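Structure, as structure tokens:
The values are calculated or read from the model by the stated rules, or taken from the named source; none is laboratory data. Everything numeric in this text was worked out from a predicted model, so none of it was measured. Because the Cβ atoms are built from the backbone with ideal geometry, glycine has one as well, and the counts that use them run over all protein chains shown. Side chains included, ligands, DNA and RNA excluded: accessible areas come from the protein's heavy atoms. Shrake-Rupley method; radii C 1.70, N 1.55, O 1.52, S 1.80 Å.
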Amino acid sequence: GENVEQHPSTLSVQEGDSAVIKCTYSDSASNYFPWYKQELGKRPQLIIDIRSNVGEKKDQRIAVTLNKTAKHFSLHITETQPEDSAVYFCAAMSTLNFGNEKLTFGTGTRLTIIP
Amino acid sequence: GAVVSQHPSWVICKSGTSVKIECRSLDFQATTMFWYRQFPKQSLMLMATSNEGSKATYEQGVEKDKFLINHASLTLSTLTVTSAHPEDSSFYICSARVGGAYNEQFFGPGTRLTVL
């Protein structure tokens, strides 16, 4: 099965600076990679996702890059703000396993933005 | 739109009792629902996948007789923890998805189960 590793487990960044979280996956069949943000005591929410047919996707201050050859993908948050403080999870899935399309989550990164 | 609710939000029960958790998609019909378990400061571990009207598919290591999942309609799935024990104490989160795998999974707010 798929195995997703995520680093770092904790990250503290000065407000206004950039934050980068990295994930690697094991299953070369994985072709869909979402990122979720989970604030304390709340539900995970999708913030950005990328499919394997593109190498980069950007949405305002958030971007995700994908290297299929190396089997790793990264989340980039620029101009960080206090409200970015949360736990971020990467995930991977193969949409080719018809009837068995399930997300495998990374271990999470606790991001703290220092005012 | 795309709201998923869970009930109850928290429950405390005695060891040996059974607890039922409901997951509802409020404004859409979910063809697939997922149940996850999350330990404190840890990741979401998929327990099972359920499609409306069919038996749930359980992940390796998850006891199907202990964690009963029913997906009777396109808007409701239930997870019953049978004969709960303290080690079953955890945060249980469901998610719901419409249609194909690329479609977003919407998560419920979670249910914190504490077994005494």
Name the single residue, out of those in segment B:101-116 being open to solvent by 40 Å² or more (accessible area, probe 1.4 Å) and out of contact with any Phe, Trp or Tyr (no Cβ under 7 Å at 6 or more places or on another chain), that is farthest from the other protein chains (Cβ to nearest Cβ). B:Leu116
(1) farther than 14 Å from B:Phe107 by Cβ; (2) among the hydroxyl-bearing types (Ser, Thr, Tyr); (3) touching a Phe, Trp or Tyr at 6+ places or on another chain (Cβ under 9 Å); (4) away from chain A (no Cβ under 11 Å): which one isn't true of B:Thr49, the others all being true? (4)
Just to verify a result, which residue in segment A:83-115, among those that are assigned to a strand (DSSP E or B) and open to solvent by 30 Å² or more (accessible area, probe 1.4 Å), is farthest from the other protein chains (Cβ to nearest Cβ)? A:Ile114
Tally of residues being surrounded by 16 or more Cβ atoms within 10 Å (Cβ to Cβ) and within 18 Å of B:Gly99 (Cα to Cα) across segment B:16-30: 5
Kindly indicate which of B:Pro40, B:Pro86 is away from every other protein chain (no Cβ under 14 Å), within 15 Å of B:Leu113 (Cα to Cα) and not acidic (Asp, Glu). B:Pro86
Taking segment A:38-82 as the region of interest, how many residues are more than 25 Å from B:Phe91 (Cα to Cα), β-branched (Val, Ile, Thr) and within 14 Å of chain B (Cβ to nearest Cβ)? 2
Is it the case that B:Thr80 is at pLDDT 95 or above, open to solvent by less than 40 Å² (accessible area, probe 1.4 Å) and not small (Gly, Ala, Ser)? yes
